[in-house]
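Right, one structure below, let's go through it.
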Amino acid sequence: MPTLPYAVNALEPVISEQTINFHYGKHLQNYVNTLNTLVQGTEFEGKSVEDIVKTAPDGPIFNNAGQTLNHALYFLQFKAPVQGNEPTGKIAEALVRDFGSFENFKKEFAQAGATLFGSGWAWLSQDKDGKLVITKDANAGNPLRQGNTPLLGIDVWEHAYYLDYQNRRVDHLAALWDIIDWNVVESRMK
């Protein structure tokens, strides 16, 4: 279970303390607990969550490992809100190189998150050649399954935003830009 690098109310008004308490404190904790129970006595016991996500067949072990990893990446990529929050350095250069501009990247990424049917994740990942790519995965999917490195993941399961935004997924996606810690995202690059 990752330790949050901020107070449970630090992301307000983008993500409320109530949502953090449910999403982090209950949903993620349940995935961690369930995964720990499921791997006991299996070939996955003692392996890293990344290795489990890469190699486990579809099913309960993969689902709980995927959600454990996805949520850990998700919660550790945020910081207190900053208006006009934009990346700098290596990640900014890569976004311009691969998407033409930061604004174009934001548009394409938001579109991926808004158009994912049902529950899942929108991802900014780095492929094996170093190119940044936007993908979307249903349920517990993770870019590691396709050989990509996840850099930024946005949870579009309703539990991630419903208390704060009800059915307004697009509004939630638009607000998240203020809390992305671009230093964390850049640190995940290869």
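To the nearest 20 debye, what charge dipole does the chain have about its Cα centre, counting +1 at the Cβ of each Lys and Arg and -1 at the Cβ of each Asp and Glu? Could you put the intermediate results ahead of the total?
Details: 16 positive and 22 negative charges, 46 e Å.
Its charge dipole is roughly 220 debye.
Given a 1.4 angstrom probe, I'd like the percentage of the accessible area of the range 26-85 that is carbon and sulfur, rounded to a whole number.
On the way: 1500 of 2970 Å².
Carbon and sulfur atoms account for 51 percent of the accessible area of the range 26-85.
Kirkwood-based Rg over Rh for the chain (C-alpha set), two decimals? Numbers along the way, then the final one.
Details: Rg = 16.0 Å, Rh = 16.9 Å.
My calculation of the ratio gives 0.95.
With an 8 Å Cα cut-off and a minimum separation of 6 or more residues, compute the relative contact order for the chain in percent.
Values: 283 pairs, mean separation 48.1, N = 190.
Answer for the chain is 25 percent.
Solvent-accessible area per residue for the chain at a 1.4 Å probe radius, Å²? Mind dumping the intermediate values first?
Numbers: 9030 Å² over 190 residues.
Counting only protein heavy atoms, the per-residue value for the chain is 48 Å².
Mind putting together the pair-distance distribution for the range 17-76? All Cα pairs, 5 Å bins, whole percent per bin, short to long.
4, 21, 30, 23, 12, 7, 3, 0
In whole Å, what are the Cα extents of the range 62-175 along the three principal axes, biggest one first?
34, 33, 25
For the range 1-102, what mean projected area does the convex hull of the alpha carbons give, in nm²? Walk me through the numbers on the way to the answer.
Details: hull surface 33.5 nm².
Mean orientational projected area (the range 1-102, Cα hull): 8.4 nm².
The values are calculated or read from the model by the stated rules, or taken from the named source; none is laboratory data. Here the structure is a predicted model, which is why all the values come from computation and not from measurement. Note: ideal-geometry Cβ built from the backbone for every residue, glycine included; neighbour counts use all protein chains shown. With ligands, DNA and RNA removed, areas are computed over all heavy atoms of the protein, side chains included. Shrake-Rupley method; radii C 1.70, N 1.55, O 1.52, S 1.80 Å.
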